[in-house]
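Here the structure comes first, spelled out in structure tokens, and everything after it is commentary.
The values are calculated or read from the model by the stated rules, or taken from the named source; none is laboratory data. Bear in mind that the values here come from a model prediction, so they are computed numbers and not experimental data. Because the Cβ atoms are built from the backbone with ideal geometry, glycine has one as well, and the counts that use them run over all protein chains shown.
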Amino acid sequence: MPFLTADDGIPIYYTDQGQGIPIFLIHGWMMNHQFFKYNIPVLAQTHRVVTMDIRGHGYSGKQEINWTLQQAARDVRQIVNYLDLSEVILVGWSMGTTLIHNYFDQFGSEKLKGAVFIDMTPYLLKTEDWEHAVFGKMDLQAAVNLASSIIKDRMQIAEKFVPACFNVNLVVDPALRESWMRESMLTPNSAMVAFWLDMVTYDWRSHLAQIPVPVLLCYGAHSAVYPTQLGKHMHERIHNSQLIMFEHSGHSPFWEEPERFNAEVARFAG
């Protein structure tokens, strides 16, 4: 299993397959690279595909050091440098998109060709003038309560969150739900809480117009996590963006409609 030792000594798990323009897949909260299993082998036929497990997640180190998305963005940068990548397409699912914003904030467009945002908001909390929050209603108190609930009953949270990753109009197959829950258990409660509380502090709304690379927006038409017209909002504010609505998907179009997702990402990457 390939690992890169980060600048603070934490081992970061990564994979590297294929040749061509690099596509760097970054997973979401409490997940890992395995959730891209329908994308990696297909995209690797025409592109170089790199993945990582964010520190504290999956197979990466679980030492409780620098569990922030700022540091995770630096981990991405170190992998990019170690593999001598350039013209990279960063692909972020959910929390992975927040990581990409942190990359922009620290490194601008260095080594990048573009970015793909998968069903993510620039600000997770609901306010009087912001409707595009988690589940359309998550406020600060609810976010704190969620962190507390993870500590008290992790499985109950997973049982609610995993089905919410899919088309809200469909019943999730029990075997699929159990598989996702089992894989997510590789991420300890402490990492879940740390990254959740870190993620809700970021507000990237004012940064959208300054994103330094072209962006492909991949949003599910039936997302329980973001039930508002979030994709349209993002497209209107990111100048150099393309919006793809996945009409049969929820929060996870790369899994729910993998053929279309793979084709759109490959086209965008060039």
Inset, instruction - From (1) in a helix (DSSP H, G or I); (2) at pLDDT below 95, pick out the condition that doesn't hold for Ile65. - result: (1)
Inset, instruction - Select from segment 104-121 the residues that are within 12 Å of the chain's Cα centre (by Cα) and not polar (S, T, N, Q) and write down the one among them that is farthest from Trp29 (Cα to Cα). - result: Ala115
Inset, instruction - Test Ser206 against the criterion of being loosely packed, with under 15 Cβ neighbours inside 10 Å, over 16 Å from the mean Cα position of the chain (by Cα), in contact (Cβ under 8 Å) with a residue 60 or more places away in the chain and not in a loop (DSSP other than H, G, I, E, B), and give yes or no. - result: no
Inset, instruction - Enumerate the pairs (first residue in segment 34-45 and closer than 17 Å to Phe268 by Cα; second residue anywhere and of a type in the set (Phe, Trp, Tyr) and buried (at least 21 other Cβ atoms within 10 Å of the Cβ)) with beta-carbon separation below 6 Å, excluding pairs fewer than 6 apart on the same chain, so at least 6 apart or on different chains. - result: Asn39/Phe254
Inset, instruction - Could you list all residues from segment 61-79 that are touching a Leu at 6+ places or on another chain (Cβ under 9 Å) and β-branched (Val, Ile, Thr)? - result: Val76, Ile79
Legend entry - Residues of segment 75-103 satisfying the condition of being over 16 Å from Ile40 (Cβ atoms) and within 15 Å of the chain's Cα centre (by Cα): Asp75, Val76, Ser94, Met95, Thr97, Thr98, Leu99, Ile100, His101, Asn102, Tyr103
Inset, instruction - State all residues of segment 56-97 that are in contact with a Gly (Cβ under 6 Å, 6 or more places away or on another chain) and either of a type in the set (S, T, N, Q) or crowded, with 23+ Cβ neighbours inside 10 Å (or both); if no residue qualifies, say none. - result: Ile89, Trp93, Ser94, Met95, Gly96
Inset, instruction - Filter segment 215-263 down to residues that are of a type in the set (D, E, K, R), buried (at least 20 other Cβ atoms within 10 Å of the Cβ) and in contact (Cβ under 8 Å) with a residue 12 or more places away in the chain, then give me how many there are. - result: 1
Inset, instruction - Please indicate, with yes or no, whether at least one residue in segment 164-187 is of a type outside the set (Asp, Glu), surrounded by 20 or more Cβ atoms within 10 Å (Cβ to Cβ) and under 19 Å from Ala133 (Cβ atoms). - result: yes
Legend entry - Complete set of residues in segment 111-137 that are in contact (Cβ under 8 Å) with a residue 24 or more places away in the chain, charged (D, E, K, R) and assigned to a loop (DSSP other than H, G, I, E, B): Lys111, Asp119, Glu131
Inset, instruction - Return yes or no: is Ile54 modelled with pLDDT under 95, assigned to a loop (DSSP other than H, G, I, E, B) and either within 16 Å of Ile118 (Cβ to Cβ) or touching a helix residue (DSSP H, G or I) at 6+ places or on another chain (Cβ under 9 Å) (or both)? - result: no
